[in-house]
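First the structure, in the form of structure tokens, and then the observations on it.
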Amino acid sequence: MDVLALNKISYGLFVLTAWEGEKTNGCIVNTVMQVTVSPNAIAVAVNKDNLTCDMVKNTKEFTVSVLSEKATFDTFKRFGLQSGRDVDKFKEYEYVKKNDLGGIYVTESTNAYIHGKVKEMVDLGTHIMFIADVCEMEVLSEEPSMTYSYYHENVKPKPSIAVDEALDGDKPAGKWVCKICGYVHEDENLPEDFICPWCKHPASDFEYVTA
Ligand code: FE
């Protein structure tokens, strides 16, 4: 069995946004799909570790903002590489709008948003899949949607650049680099239970790089 077969599935990238009381939060997800047409319904899977997941569970409502190829790594850093438990991701962030139904969505480098009301939740262990009826949606631009492979090829910093930036020159050559986000672990040894501090992926997503 070749698990790399799973890498052949294509995905988009999205900002999943939730709002609860005074708090607005969002995270990056890659698992969004339209599941039915009558009615228009979408499914979104999100890791339970994300605050956004808890908020959607509570409010049964969310928006998905579809990222376009214009999105930069800054967008991924803002929404994907920090937790809403530690920072307010929307503080002084101007690229945000609210629709008539109160749905909050992101307008920076996005080409559409879809506002869903959850009708079913499926517990998948590490993730929850929310199935939602679409109650509002809008096209925001005609830029092509960003795919996961476009992100890897054009947006995500290349590990070699991250290593060069992190190295002082007189440190040992070998480093471990997170293949997901580019975080550099500046040590020859990577503990088996290591978790990437930026993207929370496990040690198996790191590769050993010599500068
Ligand atoms: Fe990472």
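The values are calculated or read from the model by the stated rules, or taken from the named source; none is laboratory data. A quick note: this is a predicted structure, and the numbers were derived from the prediction, not measured. Because the Cβ atoms are built from the backbone with ideal geometry, glycine has one as well, and the counts that use them run over all protein chains shown.
Can residue 110 be described as of a type outside the set (Gly, Ala, Ser), within 19 Å of residue 147 (Cβ to Cβ), away from the ligand (no atom under 16 Å from the Cβ) and surrounded by fewer than 14 Cβ atoms within 10 Å (Cβ to Cβ)?
Criteria not met by residue 110.
Of all the listed residues (140, 124), the sole one being in contact (Cβ under 8 Å) with a residue 12 or more places away in the chain and farther than 26 Å from residue 98 by Cβ is 124.
Does residue 14 fit the bill of being in contact with a helix residue (DSSP H, G or I) (Cβ under 7 Å, 6 or more places away or on another chain) and within 27 Å of residue 149 (Cβ to Cβ)?
The answer is no for residue 14.
Looking across the range 121-133, the residues that are of a type in the set (A, V, I, L, M), surrounded by fewer than 16 Cβ atoms within 10 Å (Cβ to Cβ) and assigned to a strand (DSSP E or B) come down to 121, 122, 129.
From 139, 118, which residue is loosely packed, with under 12 Cβ neighbours inside 10 Å, more than 16 Å from the chain's Cα centre (by Cα) and at pLDDT 90 or above?
Just one listed residue meets the conditions, 139.
Among strands (runs of 3 or more DSSP E) entirely within the range 20-103, having at least 2 residues that are loosely packed, with under 12 Cβ neighbours inside 10 Å singles out 32-36.
Scan the range 65-77 and report the pairs whose first residue is closer than 14 Å to residue 29 by Cα and whose second residue is part of a loop (DSSP other than H, G, I, E, B) and of a type in the set (Val, Ile, Thr), with Cβ atoms within less than 9 Å and a gap of 6+ or a chain change. Listed pairs, sorted by first residue: 65/107. In this structure, is residue 96 at pLDDT 95 or above and under 15 Å from the mean Cα position of the chain (by Cα)? Taking the combined requirement at face value, the residue does not satisfy it. Annotation note: Cβ proximity below 7 Å between a residue of the range 180-196 that is closer than 21 Å to residue 153 by Cα and a residue that is surrounded by fewer than 19 Cβ atoms within 10 Å (Cβ to Cβ) and of a type in the set (Val, Ile, Thr) (sequence gap 6+ or interchain) occurs for 196/180.
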